[in-house]
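K.L.:
If you scroll down you'll find the structure; I have some questions about it.
No value in this document is a laboratory result; all are computed from the given coordinates. Here the structure is a predicted model, which means the values were calculated and not measured. All Cβ positions, glycine included, derive from the backbone under ideal geometry; neighbour counts span all protein chains shown.
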Amino acid sequence: MDPRTLERADGTTVRLPERAVAQADPLRLVQLTGGAGSAAGVLSAAGMRIVGYIPHNTYIVAIEYAPLDTFHNNVATESYRPEITNTYAWISTSYYPSNPIKEDLMANAPEGMSAYSSRGACASGREPVRAFGLQGGFCGWRDQPGHGNEHDGHVVHGGGKLDQTSTFPAIGEQATTGKVGLAATASSGLPVTFTTNGGPAVITGGTNLSFTATGVVSIVASQAGDSTYNPAPDATNTFNVMKSTASVYLENLSQVFDGTARSVTATTMPAGLTVEFTYDGNAWAPTNAGSYAVTGTVNEANWAGSADGMLAVSKASQSIAGFLPTNGSVFLVTDVPGLSATASSGLSVSFTTNSGPGVITGITNLSFTAGGEVAIVAAQVGDANWNPAHELTNVYTVLGFAEVTIASAHGSTIPVTGVYTMLVGTVYTKQVQTPDTQGTTQYVSTGWAMTGNEPAAGVGTQVVMTVTNDATLTWLWTTNYQLTTAAGAHGSILPATGWRAYGSNVEITATADLYYHFTTWTDDASGDANPLIVTMSGPKWITANFLENLTTNKSTPEWWLARYGITSNFEEAVTNDADGDGVPTGDEYVMNTDPTNALSFLYAAQFGVAYGTNCHDVVTTNSEPPYDVWTQIVCDVVGQLLGWPCATDRVYDIEFDATFPLGGWAPAPGLTNLGCADGWLSLTNALSADALKMYRLKVRLP
């Protein structure tokens, strides 16, 4: 509600004049009654601050913004201020007890107001105070100067309303996309409302007018009045609503034929409007090359506009592809290849002979009259929608035949030996697999020779030739024989086993290990010449043989002496007893003992009798007391026992002699050619009824 509108206690309203300054919430006009000391009349609202003044030429009534429940019967004692001159009366609430009254608000009181007093308050001697804006009002009074009396009073309500008019400025022609803010005023100052009275218009938010289409629109401005004013006569504005004008810009007016409809496009201002096109007056887009008049027209409910232009559809370019046979193809003179090619336009391609011994029949059948090169041209001349295609030319080679013979005495060839018919001009690769090994004989290819073609000769296992005419290729070979060399123990031989060329001379050398010497050649050679020259007239097997170096004294190997640190003066060393064990070094070789260890030599480490299993107890005592008893187990003697440390690479013999003085040594039966398995030999010889015998131990090399 307008802040200058006051609400009475009974729910009716009254509007203050414009000179009454009103703010905040609507005011409520209330009535207070009571005895002496009560207020002559109070205007109040639901706030806390002054919202307006009602001036009169004699008295002032101040209307303040205060809660209703702040008023009570003793308010009037604050509202009457004796110190204020007699020309003032002041009504206030307890919230504003000292607000001053401004004299400049007393001027220009409205006319036509009537006063009322239920108790003759407007009687003689009492000047009325008129509250303008109230149809009727209340009457306030004052004493003559100096009386200082206090009187009570009340507010009364009165009767009729005022007339009012509305002012609604004219609205001119509008566009469908336009927006109009409606504005009108009422002479009463009350708000004006707007409604549509026909036409494509919509009002939102009370004053916002927009349009939905073209047509005639009528807008009615109304003021329905209130408790003070009668309704104002309606004011109507009628005007036309037209389509807005849009700009159209044609695009894609230059295009190329592609077999589909060539449609143009357009942009608009504003953007996004629907545009319809015609082409030479037709609604459909053209397909063929040519020029066409184009019109683009906006088709929108709220917009209008169009543009004209010329669509130019140019001929399309085309190309030829898939020209077969491909360029560089090679044919026999007897071949009849088929020609084919495609144009990107889909139009047919024609073929012609440009040069060479070629003939085209049946449009695409190519044949040859001779060998050589043939050039064929593929063409497509175009039509109303296609430009001529760029011509393509393929050049073909036409070949004859030649016989090529391949010969080889050995090995495998690729291709195998034989006679082949080949195309003239063919580049051909021939190979041979080498070596061809047959046991101890080997055939190795040394190259090739060719007649009737080039090149005439070459080395290696492969030849690349271009066939020009009849030719013979012969693979060439050489013979190798295997030389097998072997070395016996304790030496080496050079060269190693390998292939040697037939007829070549090979020098063979034998080399003995230290403390050994070469003796002779065996197998396919003999003698002791070193080095040996062998002529490879065939496969050869040569073996070198070696023996150990022996001393003259005691025939001892030098390598055995070197094992114990004796590397020189071998003849003297074998007769010496370096370890002082009584055995010369040369004899210790036979024993296979250590010539540097005095405890290492051949000796009988175990010698005695052998007992059997027939045993008995022998009890012995003394002859005088006390008597002691001894018991001893005695077994029968069954033979003699002999044991000694032995060498596993030596042979041992037991000899005996039954004569004395000794000199008739003979092998003991069953005790000769004894081998050693684990480094110790132990023998038992049965007792014999013969006379006493002497035994000795002998050792020898196997």
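K.L.:
Mind checking the dipole of region 275-408: about its Cα centre, +1 per Lys or Arg Cβ, -1 per Asp or Glu Cβ, Debye to the nearest 20?
P.N.:
240 debye
K.L.:
Only counting other Cβ atoms within 10 Å, I'd like 410, 490, 517 sorted with the fewest neighbours first.
P.N.:
517, 490, 410
K.L.:
Can you tell me how region 166-242 classifies by the Cα gyration tensor, rounded, prolate or oblate, using a/c under 1.5 as the rounded cut?
P.N.:
prolate
K.L.:
For region 481-533, state which chymotrypsin sites (Phe, Trp or Tyr not before Pro) are in a DSSP loop and have at most 16 other beta carbons lying within 10 Å of their beta carbon.
P.N.:
Of the chymotrypsin sites (Phe, Trp or Tyr not before Pro), the ones in loops of region 481-533 whose Cβ has at most 16 other Cβ atoms within 10 Å are 502.
K.L.:
Answer rounded, prolate or oblate for region 150-282, using the Cα gyration tensor with square roots of eigenvalues a ≥ b ≥ c: rounded when a/c is under 1.5, else prolate when a/b is larger than b/c, else oblate.
P.N.:
Prolate, since a/c reaches 1.5 and a/b exceeds b/c.
K.L.:
Another question, then. Where does each of 700, 262 land when they are ranked from fewest to most other beta-carbon atoms within 10 angstrom?
P.N.:
Sorted ascending by nearby Cβ count, the order is 700, 262.
K.L.:
If I model region 320-399 as equal point scatterers sitting on the Cα atoms and use the Debye formula, what is log10 I(q)/I(0) at q = 0.13, 0.19, 0.22, 0.24 Å⁻¹?
P.N.:
Once normalised to I(0) and log-transformed, intensities are -0.38, -0.73, -0.93, -1.07.
K.L.:
Determine the relative contact order of region 521-633: mean sequence separation of Cα pairs under 8 Å and six or more apart, normalised by residue count, in whole percent.
P.N.:
Taking the mean separation of contacting Cα pairs over the length of region 521-633, I get 13 percent.
K.L.:
Which log10 I(q)/I(0) values, to two decimals, does region 606-700 give at q = 0.18 Å⁻¹ under the Debye formula with one point per Cα?
P.N.:
At q = 0.18 Å⁻¹ the computed log10 ratios are -0.89.
K.L.:
Find the eigenvalues of the gyration tensor of the Cα atoms of region 250-319, then list the square roots of 5 times those eigenvalues as equivalent ellipsoid semi-axes, largest first, in whole angstrom.
P.N.:
In descending order, the three semi-axes are 26, 11, 9 Å.
K.L.:
For region 170-214, what is Rg from Cα atoms divided by 2.2 N^0.38 Å, rounded to two decimals?
P.N.:
1.24
K.L.:
Quick check on the exposure proxy: order 344, 254, 166 from fewest to most C-beta atoms within 10 angstrom.
P.N.:
Ranked by crowding around the Cβ, least crowded first: 254, 344, 166.
K.L.:
Search the structure for amide H atoms under 5 Å from the amide H of residue 488, placed 1.01 Å from N in the peptide plane, and list their residues when 5 or more places away or on another chain.
P.N.:
Residues meeting the criterion, in which the H sits 1.01 Å from N, are 544, 545, 546.
K.L.:
Another question about this same structure. Can you compute 3J(HN,Hα) from phi for each residue in region 283-291, using the Karplus curve 6.51 cos²θ - 1.76 cosθ + 1.60 with θ = phi - 60°, rounded to whole Hz and x for Gly and Pro?
P.N.:
So the J values, rounded to whole Hz, are 7, 9, 7, x, 10, 7, 5, x, 10.
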